[in-house]
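**Student:** Below you'll find the structure I mean.
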Amino acid sequence: MKINADWSQRVVMDANVTDWIDSPSPGVKRKLLERDGEEVARATSVVRYEPGSHFARHVHEQGEELFVLDGEFCDGTGRFGAGSYIRNPPGSAHAPWSDSGCTLFVKLRYFDPSDQARVVVHTHDEPWLPGLVPGLSVMPLHDFRTEHTAMVRWAPGTHFNPHRHHGGEEILVVEGVFEDEYGRYPAGSWIRSPHLSAHQPFSKEGCIILVKTGHLIAQTEDTAA
């Protein structure tokens, strides 16, 4: 299965209008934003656990990254409420569940094999740092080599400078409305922009985004070769 699997293409999806698809575990459904493979796949998805649902124990051979959008997600390492950011490194395993139900943003099989750090950030408890322009605040979540992941908060009326993304950029709009010269993206929008893409983003209404940069190089370079 290939869904938006070509990193050289810009992709915009609204998860609010994307269909839910059953997973192998009853009560666990997915919205597929990007996928390259079958059940074991490099994938980006929104995942919903109904109350009381669980997923069988499994190994993340190439890592798992997730952000809890609502509810409470659980596994053998703890309970993680809305706003929790978790990275489970390559080779890690768990059997997750949710007592109350939850919705997650999940990325699978993206990790550099050398990136072995497990990361847990409770973003509601962490401070915001000043951004590069007035009205912008940043909360770093993880950095490894060229890859950088952060929460970014835009006050209403904030404009950023024109810039180009070496290694591409991926954005999930968590709250509010994010914009650039190509469009307007409400909460639930997922935008993937390829290596060396450029834009000038802003937010008239204010927003919070989960943003990752520098991780879309390898496939592009392989294609060019």
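The values are calculated or read from the model by the stated rules, or taken from the named source; none is laboratory data. Just so you know, these numbers come straight off a predicted model, no measurement behind them. Here the Cβ is made from the backbone with ideal geometry for all residues, glycine too, and neighbour counts use every protein chain on show.
**Student:** Where residues in the range 1-29 are touching a residue at least 40 places away in the same chain (Cβ under 8 Å) and closer than 25 Å to Gly52 by Cα, which of them is surrounded by the most Cβ atoms within 10 Å (Cβ to Cβ)?
**Tutor:** Here the answer is Ala15.
**Student:** Say whether the condition of being among the hydroxyl-bearing types (Ser, Thr, Tyr), in the same structural domain as Leu141 (by TED's automatic domain parsing) and surrounded by fewer than 22 Cβ atoms within 10 Å (Cβ to Cβ) is met by at least one residue in the range 198-206. Lay out the reasoning, then the answer.
**Tutor:** The initial filter retains those residues of the range 198-206 that are among the hydroxyl-bearing types (Ser, Thr, Tyr), namely 203.
Okay, now just the ones that are also in the same structural domain as Leu141 (by TED's automatic domain parsing), so 203.
Those still in the list that are surrounded by fewer than 22 Cβ atoms within 10 Å (Cβ to Cβ) too: none.
So far as the range 198-206 goes, no, none of its residues is among the hydroxyl-bearing types (Ser, Thr, Tyr), in the same structural domain as Leu141 (by TED's automatic domain parsing) and surrounded by fewer than 22 Cβ atoms within 10 Å (Cβ to Cβ).
**Student:** Consider His159 carefully, then state whether it is more than 26 Å from Asp70 (Cα to Cα) and either out of contact with any strand residue (DSSP E or B) (no Cβ under 6 Å at 6 or more places or on another chain) or buried (at least 19 other Cβ atoms within 10 Å of the Cβ) (or both).
**Tutor:** Details: more than 26 Å from Asp70 (Cα to Cα): yes; either out of contact with any strand residue (DSSP E or B) (no Cβ under 6 Å at 6 or more places or on another chain) or buried (at least 19 other Cβ atoms within 10 Å of the Cβ) (or both): no.
No, not satisfied.
**Student:** From (1) touching a Phe, Trp or Tyr at 6+ places or on another chain (Cβ under 9 Å); (2) over 21 Å from Arg192 (Cβ atoms); (3) among the polar types (S, T, N, Q), pick out the condition that doesn't hold for Thr77.
**Tutor:** Going through (1) touching a Phe, Trp or Tyr at 6+ places or on another chain (Cβ under 9 Å); (2) over 21 Å from Arg192 (Cβ atoms); (3) among the polar types (S, T, N, Q) one by one, Thr77 breaks only (1).
**Student:** Go through Val59, Val28 for me and flag whichever is farther than 30 Å from Gly176 by Cβ and of a type in the set (A, V, I, L, M, F, W, C). Steps first, please.
**Tutor:** Details: Val28 fails: farther than 30 Å from Gly176 by Cβ.
Going through Val59, Val28 in turn, the sole match is Val59.
**Student:** If you don't mind, another one. How many residues are surrounded by fewer than 15 Cβ atoms within 10 Å (Cβ to Cβ), at pLDDT below 95 and not aliphatic (A, V, I, L, M) when one looks only at the range 38-57?
**Tutor:** 3
**Student:** Something else now. Among Glu181, Glu175, which is the only one that is at pLDDT 95 or above, among the charged types (D, E, K, R) and under 22 Å from Phe67 (Cα atoms)? Quick ask: steps written out before the conclusion?
**Tutor:** Values: Glu181 fails: under 22 Å from Phe67 (Cα atoms).
Testing whether each residue is at pLDDT 95 or above, among the charged types (D, E, K, R) and under 22 Å from Phe67 (Cα atoms) leaves just Glu175.
**Student:** Examine the range 97-108 for a residue that is surrounded by fewer than 15 Cβ atoms within 10 Å (Cβ to Cβ), within 20 Å of Thr213 (Cα to Cα) and not assigned by TED's automatic domain parsing to the domain that holds Glu170, and state whether such a residue exists.
**Tutor:** There is no residue in the range 97-108 that is surrounded by fewer than 15 Cβ atoms within 10 Å (Cβ to Cβ), within 20 Å of Thr213 (Cα to Cα) and not assigned by TED's automatic domain parsing to the domain that holds Glu170.
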